[in-house]
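Please read the structure below before turning to the comments.
The values are calculated or read from the model by the stated rules, or taken from the named source; none is laboratory data. None of the values given here were measured: they were computed from a predicted structure. Positions of Cβ are backbone-derived with ideal geometry, glycine not excepted, and every protein chain shown enters the neighbour counts.
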Amino acid sequence: MRQFRFSPALPKTPAFTPGDGLLLLGLVTILYAGTRLAFNAPVVIAGPHISLSPLALPWYALFSVGRMVAAYFLSLLFSLFYGYAAARNRTAGTVLMPLLDVLQSVPILSFLPVVLLSLTTILPEGFAAELAAIVLIFTSQAWNMTFSFYQSITTIPNELREAAAIYRFSSWLRFSTLELPFAAIGLLWNSMMSWSGGWFFLMAAEIFHVGARDFRLPGLGSYLQTAANEANLRAIVMGIASLVLVIIFLDQLVWRPLIAWTDKFKVEMTEGGEPPASWFFGMLSRSWLVKQFRARVRRPFSKWIDGGLRRLSNGKVATPKVIPRSGRPSWTRIVPVSIFAVAALYGIYRTVTLLLTLPAVAWGQLGIGLAATLARVTVSLLIAMLWTIPVGVLIGTNRRWANLLQPVVQIVAAIPATALFPVLLLALLQTANGLNISAIALMLMGAQWYLLFNVIAGAAAIPQDLRHTTNLLRLSSWDRWRTLIMPAVFPYIVTGAITASGGAWNASVVAEYVEFGGQTHTTYGVGALIAQATGRGDYALLLAATLALASVVVFINRTFWLRLYRLAEERYRME
Amino acid sequence: MTAPASLNHDDNLLQLQNVTKAYGREAKRFIAMRDVNLSLRRGEFVCLVGPSGCGKSTLLRIATGLNPATSGAVLYRGQALNGVNPYATIVFQTFALFPWLTVQENVEIALKARRVPPAERTMRALKLIDTVGLNGFESAYPRELSGGMRQKIGFARAMAMEPELLCLDEPFSALDVLSAEALRGELMELWLSKSIPTQAILMVTHNIEEAILMADRIVVMGKNPGRIVANIAVNLRHPRHRKDSAFQTMVDKVYTAVAGETKSEKETLGTAPGQPGEKRMLPDVRLEALAGLLERLSEENGRFDLYRMGGELTLELDDLLPIVEAGELLGFLTVHAGDLLLSTPGQAYAEASILARKEIIAGRVLRLPVIAWIYKTLRSDDNKRVARDYFYDKLQDDFGDLTEKLLDIAIRWGRQAELFAYNSDTGELFLES
């Protein structure tokens, strides 16, 4: 069975660069503009009624999948264009890649209120809610796919690149026979990761309360929330069952076949191990209909595309570009940068004036909130490590356990934590400290799987001869953990934890402020502050909280995690 | 075949005039190749040989227009070359096949890029695959084939372009010995029988016997900076045989030219960091390998033919030359007229015990300006402990991109000589008390 291995896309620069500063300023400006728009949102909004009838479930599932598909294709297009631009053009790359790094560190759900409210002012609210959900899923899917595509394109072996040049490939031919195939496998694995991230946010975004404004979209997420709200156990079970069914269906009918198909794009020249198999892919590739489709539709179509693009590129042959290493900035660079800087400065000015209206008490609250959320994130990560490391090592080093547990783990992991959250609330909200516990539980559920899969992969990668050596040396099990297992798994824990902590921060907005059974429950935390500020229409606080949250996450990533990652790369790599 | 229309005055196909290739800017400028002049006539098969780092492959890429020259002129058929040379193609060392395309698609892609219509594309590709003897494998993927078969596809794809100038970048060095031999034979058959439209071949190789087997002329390059040091015509009749005495003489001649002569001590060692004058990069060699070479040389009474030494140690030129260079740097041996000569310290080292060797090495390594400078810096430090980054920054001006590697080698040699120690966790070099 193939293992997931999440690799965080971390930049090479350890510290902030002036470029980063400029980018952050730009982001602040956009955020400010969004908040301005949100001022004008209607005060009361009531969403459509969500039916709990089982007959509605297929439709709801279809709607949810539709949103996912729309967002996914948007993300794919974005990744291809953005990644390509950044990889082909060095100047563009120096701006685009750091920007992407900042974007992916920012907790996405904290933007939902702003996105949603600003969209409702310019669009009909139903459409705005749909669009906001799609934009939200898009922001959870696009970044890692883009990173993967960019990294693939920039790591194409030199000789393949030279072959494309010496055979005078046009840009389109180079893209379709070299660049895209080379990137395909990475793009696919990241797509799968993005897709599960998308479910997480969709479940949370289908019902969203902002004060008296109640946005609902018909879908599996809203079905589950409504069911939990009404404590309808039958509906909850059915909702989760259909969600799991949809996920398994997509896995078997879309992702597995794609994995089997993309195996031909691997670059290794050796026939290594067992190729990934998919019954559905096998069936398809043997089917008569598919053969006909290929011969009568696909081939003429690709010929038509090739021809069209050829005429478009008009016989221009790509020659390897010589990049002049002139250090002097040209006018073409100065003008857009200065326009951008002026706009950003204006944005900063307006943002600061808005932030200055905030009383000192609010800043204090914000500090406490950040600390509380940080504590929750830390606790959930620690709990996740406590159980995933032993279990992951057990699964990774023991074939029998792996065969037994892996399929179960994969299905359980596929259920988005946000779908289970309403159920969790139903059970825990009545107890003391209930929201606090369920908030940590939600973060844990969102974060633990990244860790578990990485630990499994790390444990499975421990070389056999090292394990034999520890046996021969008769090391005690404590010594074995200390000298072999922990160092070997450490890099994998770090990569898993980076992704996991991102997930946990994201969950805070959903987890700390809940409308349930007609009542509002809150606990201390920056997520709750964001939700409350949105509800009250306190846009200064909203802006401050979102900015503070984003900065803290970027800061922790750049200082703490990046350093650990370097350490892991340098000292504990098994190569 | 193309009619020899341009016989009238000039049958030079390719001309490089004062070609220089440099990387980086001003202070950090690194000259990879200086003032190279080379011309290639129609009907000629030229081989480029030389130690690694002399810029053979770079020269090939300049000739095809893949890499631009920093200065000088590249003329093809008397015209200045602008961009990729449309009459040339390259066969790569690593084959550069597209792993996701079948054998047939890999050959067809060259024709597709040239806008050959699909039907003709398929026909020509099949014929080429047949020519290189791979019929039956049209629908196979490259990873299903052996190295030799993959390179045959590489050749078939290159032939699809019907190139006038065929450039070969160590095309046989990734193959096993027997496949390489077979493929060389097949290429020579095609070339000598003139059954391919190719009019000139330019091949880079580090295998001197291979060059003599195939080429009409061998161009020997030297390094620091890359330049041409010799032009040797090979007038042996085809088919050539390795065991012929004329062949052997030729091999010795080329080896002698490639190895060069040991220069004066001052020139060999270069100057210390921060001092004016040429700097020398340390060869990436393990000192144990040098010890092995010295012992072998001592068994031969201190003098041995360089070419035969390579054969006996089964070392390729690319592997042997850096070891010889290390020996020259440490003053253990000299190269003269294609022979290796063991020096007195070299003799002492070869006969010494393990512990005595450490001492000899420590003394010899300190001859090297870079290591002596590191040692001096460490000794004058109060804590006898200096960060690696400090040395890196100081050396960067002189060594540019090579600094990291230079430091690695210097640290390795210094450790082996027990001159200083290094802690990779803290990134510090220090003197052991």
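Structural remarks
- Just one of (1) hydrophobic (A, V, I, L, M, F, W, C); (2) surrounded by fewer than 20 Cβ atoms within 10 Å (Cβ to Cβ); (3) more than 20 Å from A:Phe175 (Cα to Cα) fails for A:Ala133. It is (2).
- In the stretch B:223-252, residue nearest to B:Val370 (Cα to Cα) [restricted to those that are basic (Lys, Arg) and touching a residue at least 40 places away in the same chain (Cβ under 8 Å)]: B:Lys223
- Count of the stretch B:336-349 residues which are of a type in the set (A, V, I, L, M, F, W, C), modelled with pLDDT of 90 or more and surrounded by fewer than 22 Cβ atoms within 10 Å (Cβ to Cβ): 2
- Criterion violated by A:Phe555 - all others in (1) crowded, with 17+ Cβ neighbours inside 10 Å; (2) out of contact with any strand residue (DSSP E or B) (no Cβ under 9 Å at 6 or more places or on another chain); (3) assigned to a helix (DSSP H, G or I) satisfied: (1)
- Long-range neighbours under 8 Å by Cβ, at least six apart or interchain, first residue in a helix (DSSP H, G or I) within the stretch A:341-356, second modelled with pLDDT of 75 or more and among the aromatic types (Phe, Trp, Tyr): A:Leu354/A:Tyr539
- Selection of first residues in the stretch A:136-164 that are within 14 Å of chain B (Cβ to nearest Cβ) and of second residues that are aliphatic (A, V, I, L, M) and part of a helix (DSSP H, G or I), restricted to Cβ pairs under 8 Å at least 6 apart or on distinct chains, gives the following pairs, ordered by first then second residue: A:Ser152/A:Ala183; A:Ser152/A:Leu187; A:Ile156/A:Leu178; A:Leu160/A:Leu178; A:Arg161/A:Leu178; A:Ala164/A:Leu173; A:Ala164/A:Leu178.
- Residue check: B:Ala356 meets all listed conditions (1) crowded, with 18+ Cβ neighbours inside 10 Å; (2) more than 24 Å from the chain's Cα centre (by Cα); (3) of a type outside the set (Val, Ile, Thr); (4) over 16 Å from B:Thr268 (Cα atoms) but one, namely (1).
- Residues in the stretch B:105-118 that are surrounded by fewer than 23 Cβ atoms within 10 Å (Cβ to Cβ) and either over 27 Å from B:Glu144 (Cβ atoms) or within 8 Å of chain A (Cβ to nearest Cβ) (or both): B:Lys112, B:Ala113, B:Arg114, B:Arg115, B:Pro117, B:Pro118.
- Filtering the stretch B:134-147 to residues that are in contact (Cβ under 8 Å) with a residue 12 or more places away in the chain and either within 13 Å of chain A (Cβ to nearest Cβ) or out of contact with any helix residue (DSSP H, G or I) (no Cβ under 7 Å at 6 or more places or on another chain) (or both) leaves B:Ser139, B:Ala140, B:Tyr141, B:Pro142, B:Arg143, B:Leu145, B:Ser146, B:Gly147.
- Only listed residue being crowded, with 20+ Cβ neighbours inside 10 Å, part of a helix (DSSP H, G or I), within 11 Å of chain A (Cβ to nearest Cβ) and modelled with pLDDT of 90 or more, chosen from B:Arg150, B:Arg121: B:Arg150
- Selection count where residues are part of a loop (DSSP other than H, G, I, E, B), more than 7 Å from chain A (Cβ to nearest Cβ) and in contact with a strand residue (DSSP E or B) (Cβ under 9 Å, 6 or more places away or on another chain), scope the stretch B:87-104: 2
- Annotation: of all residues in the stretch B:53-84 being in a loop (DSSP other than H, G, I, E, B), more than 8 Å from chain A (Cβ to nearest Cβ) and in contact (Cβ under 8 Å) with a residue 40 or more places away in the chain, the one that is farthest from B:Asn18 (Cα to Cα) is B:Gly53.
- The set of residues from the stretch A:136-182 being in a loop (DSSP other than H, G, I, E, B), surrounded by fewer than 24 Cβ atoms within 10 Å (Cβ to Cβ) and over 23 Å from the mean Cα position of the chain (by Cα) comprises A:Ile156, A:Pro157, A:Arg168, A:Phe169, A:Ser170.
- Filtered by the rule that a residue be under 29 Å from B:Phe399 (Cβ atoms) and not in a helix (DSSP H, G or I), the stretch B:351-373 gives B:Leu366, B:Arg367, B:Leu368.
- Scanning the stretch A:441-468 for residues that are assigned to a loop (DSSP other than H, G, I, E, B) and surrounded by 24 or more Cβ atoms within 10 Å (Cβ to Cβ) turns up nothing.
- Qualifying residue in the stretch B:38-48 (condition: modelled with pLDDT of 90 or more, buried (at least 23 other Cβ atoms within 10 Å of the Cβ), within 10 Å of chain A (Cβ to nearest Cβ) and in contact with a Ser or Thr (Cβ under 7 Å, 6 or more places away or on another chain)): no
- Residue count, the stretch B:373-385 (criterion: surrounded by 19 or more Cβ atoms within 10 Å (Cβ to Cβ) and either β-branched (Val, Ile, Thr) or touching a Ser or Thr at 6+ places or on another chain (Cβ under 9 Å) (or both)): 1
- Filtered residues of the stretch A:200-234 (kept if part of a helix (DSSP H, G or I), farther than 14 Å from A:Val510 by Cα and touching a Pro at 6+ places or on another chain (Cβ under 8 Å)): A:Leu224, A:Ala227, A:Ala228, A:Asn229
- Every test in (1) under 30 Å from B:Ile208 (Cβ atoms); (2) without any contact (Cβ under 8 Å) to a residue 60 or more places away in the chain; (3) of a type outside the set (Val, Ile, Thr) is passed by B:Pro322 save one, and that test is (2).
- Pairing residues of the stretch B:171-188 that are charged (D, E, K, R) and outside any loop (DSSP other than H, G, I, E, B) with residues that are at pLDDT 90 or above and crowded, with 16+ Cβ neighbours inside 10 Å, at Cβ distances under 7 Å and at least 6 apart in sequence or on separate chains, gives B:Arg184/B:Phe172; B:Arg184/B:Glu210; B:Arg184/B:Leu213; B:Arg184/B:Met214.
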